[in-house]
Amino acid sequence: TAVITFDYLTSLRSVPYGSEEYEFLKSQVHLRSAERLRELCCSNRGTFIKVGQHLGALDYLLPEEYTRTLKVLHSQAPQSTRQEIEQVIREDLGKEIKELFTSFEDTPLGAASLAQVHKAVLQDGRTVAVKIQHPKVQAQSSTDILLMEVLLLVVKQIFPDFEFMWLVEEAKKNLPLELDFLNEGRNAEKIAHMLKNFDFLKVPRIYWELSTRRVLLMEFMEGGQVNDKAYMERNGINVNEISRNLGKIYSEMIFVNGFVHCDPHPGNVLVKKCPASGKAHIILLDHGLYQVLSESFRMNYCRLWQALIKADMKRVQKYSRRLGAGDLYPLFACMLTARSWESVNRGIDQSPVSASEDLEIRSNAATYLPQITQLLNNVPRQMLLLLKTNDLLRGIESALHTRASASSFLNMSRCCIRAVSTYQRSKSHSLYRRAQISLTEALSLWQINLYELFLWLKGSQLGNWVIALLRRMHHST
């Protein structure tokens, strides 16, 4: 931390601010510092890896040199040895691996910041995924967070604009929950029940009889990562359908249920084509980190997104302010949508993101970093994980080239309408008023369905044929 701080203080001191040389040198300092930060996380493991992963997911909020460098922590987390794994299982389950399983693969399916997952077969023949916490993570986590807090306070004294204390506050609140695998099991069952109407969503079943706070046994499920477009094309999986269904899942979680899986990085979201039905399934893993949204926050967030989709700037300002953005509401709208202010004013569903707009957003993120950090300190804590979730979902859409499709906004609109109508009915004591709300809801949903049909016709062969026929009829008259 001292070396990174010294590098920023000395490397840019003698160069004119805003010049080409300044921008070049600043990019070099960012890259060196990001690499040092990555080494720091890998050396200290556990909590440091977790915070590094969080930073790597903050696209459009941090310079690209940081996010690009720290993203590797998602796939290159350190692994525990076989001896360490055996020790945790022995301490928590009171048995040796060979007593519990007929086979246990030494090489983990995946290693994360807090745990790693192994494929195994139980004595009764069931194939399972065994999630085992890295030893010492539990004991060291509170010390690690205290150390991070001290370091960030020191850095803030040197750079007053540097405001990342919210990151430590979130780690303090969320880490104890993520380190309790029984809590993760309960979350998995809760979300599976909430979203049971989505037949394309699969959540692994939990085997409670062999699960503890540090060991979690789950039904084994496999598939390709959700950002692997080549895998989907090889297996005949429709990329647009996957992107659309993922949007449905998250819109339902955020707007309707207020119970949100906040770690949708590609390793936690798999896709697989079911051989029997031919349907593509989305498999949602790692249920340790969920955000519970309060009713007032959820309603304001719903109405803000409705305003953003309709490009209603007065309501965008009103609900952004209610969510703590204050006078920085234009910046807040851009952060939420990852679009330029011009696109927000025009309507975020009117045109997809262009390469030039993407570049503009990234350069603005660097320019407005002090305002961004101020905003992150002002918004409700619930918003921080939603911003991270939005960025991870956008990363998936970018990899699949399905970003900012009209259908994703239509699904969000449906969920917002349903959520607001349910809330209004719950607050109304008049039977007539409740009937009125239900009728308005039905009409709004019908309008969206009609618009979706229009879009489908417009893009289909049938639609092109109808348009050509109408044109011929027009010319003949």
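Annotations for the structure displayed:
- The residue that is modelled with the highest pLDDT, among those in the stretch 291-314 that are part of a loop (DSSP other than H, G, I, E, B) and hydrophobic (A, V, I, L, M, F, W, C), is Leu293.
- Listed by first and then second residue, the pairs with beta-carbon distance under 8 Å, at least 6 apart or on different chains, first residue in the stretch 210-233 and under 28 Å from Pro176 (Cβ atoms), second open to solvent by less than 60 Å² (accessible area, probe 1.4 Å) and among the acidic types (Asp, Glu), are Thr212/Asp92; Arg213/Asp92; Arg213/Asp180; Arg214/Asp92; Val215/Asp92; Leu216/Glu184.
- Considering residues of the stretch 1-26 that are aliphatic (A, V, I, L, M) and part of a helix (DSSP H, G or I) only, the residue least open to solvent (accessible area, probe 1.4 Å): Ile4
- One residue stands out among those in the stretch 341-356 that are crowded, with 16+ Cβ neighbours inside 10 Å and modelled with pLDDT of 75 or more: the one that is nearest to Ala325 (Cα to Cα), which is Val344.
- Filter result for Asn227 (in contact with a Pro (Cβ under 6 Å, 6 or more places away or on another chain), outside the structural domain of Gln382 (by the TED database) and more than 30 Å from Tyr319 (Cβ to Cβ)): yes
- Boolean, Leu167 is over 19 Å from the mean Cα position of the chain (by Cα) and either surrounded by fewer than 17 Cβ atoms within 10 Å (Cβ to Cβ) or touching a residue at least 60 places away in the same chain (Cβ under 8 Å) (or both): no
- Residue check: Pro266 meets all listed conditions (1) open to solvent by less than 10 Å² (accessible area, probe 1.4 Å); (2) within 17 Å of the chain's Cα centre (by Cα) but one, namely (1).
- Looking only at residues of the stretch 199-214 that are open to solvent by less than 40 Å² (accessible area, probe 1.4 Å) and within 22 Å of the chain's Cα centre (by Cα), we find that the one that is nearest to Gly94 (Cα to Cα) is Pro204.
- Total residues in the stretch 318-330, condition open to solvent by 10 Å² or more (accessible area, probe 1.4 Å) and either basic (Lys, Arg) or under 20 Å from the mean Cα position of the chain (by Cα) (or both): 3
- Across the stretch 230-240, the qualifying residues are those that are closer than 24 Å to Met253 by Cβ and open to solvent by 60 Å² or more (accessible area, probe 1.4 Å), and the one among them that is modelled with the highest pLDDT is Asn238.
- In the stretch 40-147, counting only strands (runs of 3 or more DSSP E) that sit wholly within it, the ones holding 1 or more residues that are open to solvent by less than 50 Å² (accessible area, probe 1.4 Å) and among the small types (Gly, Ala, Ser) span 115-122, 127-133.
Each row is one residue, and each column tells you yes or no for (1) open to solvent by less than 10 Å² (accessible area, probe 1.4 Å); (2) part of a helix (DSSP H, G or I).
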| position | (1), (2) |
| --- | --- |
| Glu184 | yes, yes |
| Asn187 | no, yes |
| Lys196 | no, no |
| Leu216 | yes, no |
| Asn227 | no, no |
| Ile242 | yes, yes |
| Phe255 | yes, yes |
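- Residues of the stretch 31-70 that turn out to be among the hydroxyl-bearing types (Ser, Thr, Tyr) and at pLDDT 85 or above, as a count: 3
The values are calculated or read from the model by the stated rules, or taken from the named source; none is laboratory data. All of these numbers come straight from a predicted model, not from anything done at the bench. All Cβ positions, glycine included, derive from the backbone under ideal geometry; neighbour counts span all protein chains shown. Just so you know, the surface numbers come from the protein's heavy atoms only, side chains and all, with ligands and any DNA or RNA stripped out. Shrake-Rupley method; radii C 1.70, N 1.55, O 1.52, S 1.80 Å.
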